[in-house]
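A quick write-up on the structure given underneath.
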């Protein structure tokens with residue numbers, strides 16, 4: 001323009017690119033603090049991104065790069081939940097999970113890579129409560145965390161489910177089989193309590209995914225239910241191959257026999 005100088009085009013800053021292990025998703029506004037989460041991953045970028053997302057969701061987050069640091073942090077700070085990457089240096093996630101389950105029932109969600117189905121199944125056998133496959137959205141991750149925490153914190157109105165030879169204390173989340181207190185993971189207890197609360201009612205794996213995992217076949221492999229049933233039987237049944245409590249109804253699902 002006459003008598004003035006032309007301004008150059010405004011350069012917009014390049015938006016930050018998401019980590020290759022995540023894909024963008026809506027991140028809701030934070031509510032009240034939801035609990036303490038320990039993030040265990042050797043990739044610093046992933047730890048930082050996970051911390052940022054979870055803090056936006058209201059979680060208190062601690063992060064460590066390896067398994068030994070994770071075990072020390074769990075003993076010191078007692079988190080409400082652990083996000084554990086399988087691919088860790090020195091001692092992998094499955095090794096750390098095995099050592100953790102010797103003395104702790106803290107809920108654990110595994111972070112796994114695509115194509116590692118065998119590791120996911122082994123992780124469930126060793127006591128993981130859930131798993132998330134990379135890449136995953138923040139929404140999926142926080143939904144799974146909230147699902148696990150909600151069930152570990154909820155105390156139903158009826159405090160004890162008692163049967164001859166088996167009882168579940170829903171307040172302390174203790175299972176007694178015979179005269180022995182049985183150790184269970186958070187998800188195992190939730191599944192057993194759900195079945196025991198409706199004796200003789202048959203539930204399909206899809207129904208159990210929906211009611212115990214807050215999930216569906218689109219998000220979760222139904223074999224997860226099968227594996228958890230196997231683990232529960234191993235803990236409470238005198239003869240897991242001929243179960244007394246949790247029966248398989250072929251072609252349909254499972255039921256609890258009082």
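Results, tabulated for the structure shown:
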{"quantity": "Per-residue Cβ neighbour rank within 10 angstrom, fewest leading, 181, 132, 37", "calculated": "181, 132, 37"}
{"quantity": "Extended-chain gain in nm, criterion 0.36 nm per residue less alpha-carbon gap, residue 237 and residue 76", "calculated": "54.5 nm"}
{"quantity": "Förster-model FRET efficiency, 41 Å R0, residue 201 and residue 44, C-beta, rounded to 0.05", "calculated": "0.25"}
{"quantity": "Separation in nanometres of the label points that stand 7 Å from Cα toward Cβ, at residue 55 and residue 90", "calculated": "2.6"}
{"quantity": "Listed peptides 50-63, 193-206 by packing density, highest first (mean Cβ within 10 Å)", "calculated": "50-63, 193-206"}
{"quantity": "Tensor-based shape of segment 160-256 (alpha-carbon gyration tensor, a/c under 1.5 rounded, otherwise prolate or oblate)", "calculated": "prolate"}
{"quantity": "Centre separation in Å (Cα based) which lies between segment 209-258 and segment 87-143", "calculated": "20"}
{"quantity": "Segment 160-256 - percent relative contact order, Cα under 8 Å, separation 6 or more", "calculated": "25"}
{"quantity": "Length gained when the stretch residue 219-residue 125 is fully extended (0.36 nm per residue, less Cα-Cα span)", "calculated": "31.9 nm"}
{"quantity": "Spacing of the two label points (7 Å from each Cα toward its C-beta) at residue 118 and residue 146, in nm", "calculated": "3.7"}
{"quantity": "Residue 226 versus residue 136: modelled label distance in nm, points set 7 Å from Cα along the beta carbon direction", "calculated": "2.2"}
{"quantity": "Paramagnetic label zone (point 7 Å from Cα along Cα-to-C-beta, residue 68; backbone N under 13 Å) in segment 88-110", "calculated": "89-92"}
{"quantity": "Overall form of segment 35-153 per C-alpha gyration tensor (a/c, 1.5; a/b vs b/c)", "calculated": "rounded"}
{"quantity": "Length gained when the stretch residue 167-residue 249 is fully extended (0.36 nm per residue, less Cα-Cα span)", "calculated": "27.2 nm"}
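FYI, it's all coordinate maths here, none of it is from the lab. Being a predicted model, the structure only gives us computed values, none of them experimental. When we count neighbours, we look across all protein chains shown, and the Cβ atoms used for this are built from the backbone with ideal geometry, even at glycine.
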